[in-house]
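The structure appears below as structure tokens.
The values are calculated or read from the model by the stated rules, or taken from the named source; none is laboratory data. Not measured: the values here are computed from a predicted model. No Cβ is skipped: glycine too gets one built from the backbone with ideal geometry, and neighbour counts run over all protein chains shown. For the accessible areas, the whole protein counts, side chains as well, though only heavy atoms, and no ligand, DNA or RNA atoms are used. Shrake-Rupley method; radii C 1.70, N 1.55, O 1.52, S 1.80 Å.
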Amino acid sequence: AKEQGRNRWSFYSHSLSKAATERLDLEHDLRAALTAQQFELYYQPKVAASDGRITGVEALIRWNRPDHGLIPPDRFIPLAEQLGLIVEMGDWVIEQACRQMAAWASEGMLVSIAVNLSPAQLSHPSLIDRVATLIKAYSIRPGMLHMEVTESMMLNDPEEAIKHLQALRDLGVTLSIDDFGTGYSSMAYLKRLPVNKIKLDRSFIQQIASDPREADLCAGIIALAHKLGLGVVAEGVETQEQQQILTGMECDVFQGYLFSKPMQVAAATEYLSAPRGA
Ligand code: C2E
Ligand code: CA
Ligand code: CA
Ligand code: CA
């Protein structure tokens, strides 16, 4: 029994230290990734419900980690937030998006780009000045720069969050509430938030074809948003059935694999320049 116990201990201690080592490696690599230019933006189109035109794209970050391949954001954004790297990383994302918008504009493609903002970025004191500077430097029409924030930004200091959102609105930036409906305070805050749009969370969209109550809820949220003067984007649209149901609910914009997965810049450029629409 004693022997067994010792073996078990050495097994756990070995696997623990392996996990700890991997975590340290990950941290180390993530800290170096920005300077090493290992991040890349992928772009996923958003499509107008009315005529199929592309209304813009969402920029989604990927990490080309050496010897590990392409790492999706869910696997490093939370760590970047913990390590305090998110502000610098997010700043790179915003500048890269502005640069890409300017590049597309110079080829005659006026495309809005949406970037995702972490709560720490929104509350960072230099964000507003920085965004103003980038809009100027890249000659961006401010409304073409979209920023997506989640309701978690309201957890810490709601008044401060609203103040920062208002300052971005004052610059002319277009604002969306991302993953709408997943935070418990959505409805209560919606009226007070200086935003232009909501993005219905994919978890709703997945169920609207199979669950009538979920569909009712979705229709209700869309009607409410419209009453408040807000546009509605459905994320994670994967089937034509979902598209039809959402069209019936007068949802304004679709985003999802039914239209396209997120693409590297070359493929996105090709997609954007292809003729389409009604
Ligand atoms: P999100 O902002 O809700 O982005 C939508 C996610 O859903 C993306 O995953 C996208 O690839 C995926 N998606 C889009 N359409 C479909 C679909 O039809 N079916 C399915 N199954 N998935 C779909 P991705 O790119 O892995 O990003 C995950 C999350 O990482 C994002 O969720 C966002 O919260 C975060 N993120 C991505 N880029 C950034 C960034 O630059 N900064 C920050 N702070 N967060 C980011
Ligand atoms: Ca988003
Ligand atoms: Ca989302
Ligand atoms: Ca999400």
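So here's what we get for this one:
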{"item": "Where Cα atoms sit under 18 Å apart: lysine pairs in the chain separated by 8 or more or lying on different chains", "result": "10"}
{"item": "Per DSSP, loop trypsin sites (Lys or Arg not before Pro) in segment 203-278 with at most 16 further Cβ within 10 Å", "result": "ARG276"}
{"item": "Longest to shortest principal axis, alpha-carbon extents of segment 115-156, angstrom", "result": "34, 19, 10"}
{"item": "Whole-angstrom Cα spans of segment 148-207 along principal axes, big to small", "result": "36, 23, 16"}
{"item": "Span from the segment 76-125 Cα centroid across to the segment 219-278 one, whole angstrom", "result": "21"}
{"item": "Semi-axis lengths, Å, segment 97-182, gyration tensor of Cα atoms, sqrt of 5 times eigenvalues", "result": "24, 14, 9"}
{"item": "Accessible area of segment 100-155 belonging to carbon and sulfur atoms, whole % at 1.4 Å probe", "result": "58"}
{"item": "Mean ellipticity per residue at 222 nm, deg cm²/dmol - from DSSP H runs of n ≥ 4 across the chain, formula -39500 (n - 2.57)", "result": "-14500 deg cm²/dmol"}
{"item": "Using a Förster distance of 25 Å, the FRET efficiency for ARG192-LEU79 (Cβ separation, nearest 0.05)", "result": "0.20"}
{"item": "Accessible area (Å², per residue) of the chain, counting only protein heavy atoms and a probe of 1.4 Å", "result": "53"}
{"item": "Label point distance in nm, THR21-LEU70, each placed 7 Å from Cα along Cα→Cβ", "result": "3.0"}
{"item": "Dmax and Rg, reported as Rg then Dmax, of segment 8-155 (C-alpha, Å)", "result": "18.4, 65"}
{"item": "Gyration tensor (Cα) of segment 158-278, equivalent ellipsoid semi-axes in angstrom", "result": "25, 21, 12"}
{"item": "Extension gain, LEU258 back to ALA32 (0.36 nm per residue minus Cα-Cα distance, nm)", "result": "77.8 nm"}
{"item": "As computed over the chain, the Cα convex hull volume per residue (Å³)", "result": "176"}
{"item": "Principal semi-axes in Å for segment 42-87 [√(5λ), Cα gyration tensor, largest first]", "result": "30, 14, 7"}
{"item": "Length added when fully stretched, ARG53-LEU217, from 0.36 nm per residue minus Cα-Cα", "result": "56.3 nm"}
{"item": "Additional length obtainable on full extension of the chain from GLN240 to ASP129, 0.36 nm per residue less Cα span", "result": "35.7 nm"}
{"item": "Portion, in percent, of the accessible area of segment 169-278 that falls on carbon or sulfur, probe 1.4 Å", "result": "49"}
{"item": "Distance in nm between pseudo-label sites at LYS163 and ARG276 (7 Å out along the Cβ direction from Cα)", "result": "4.3"}
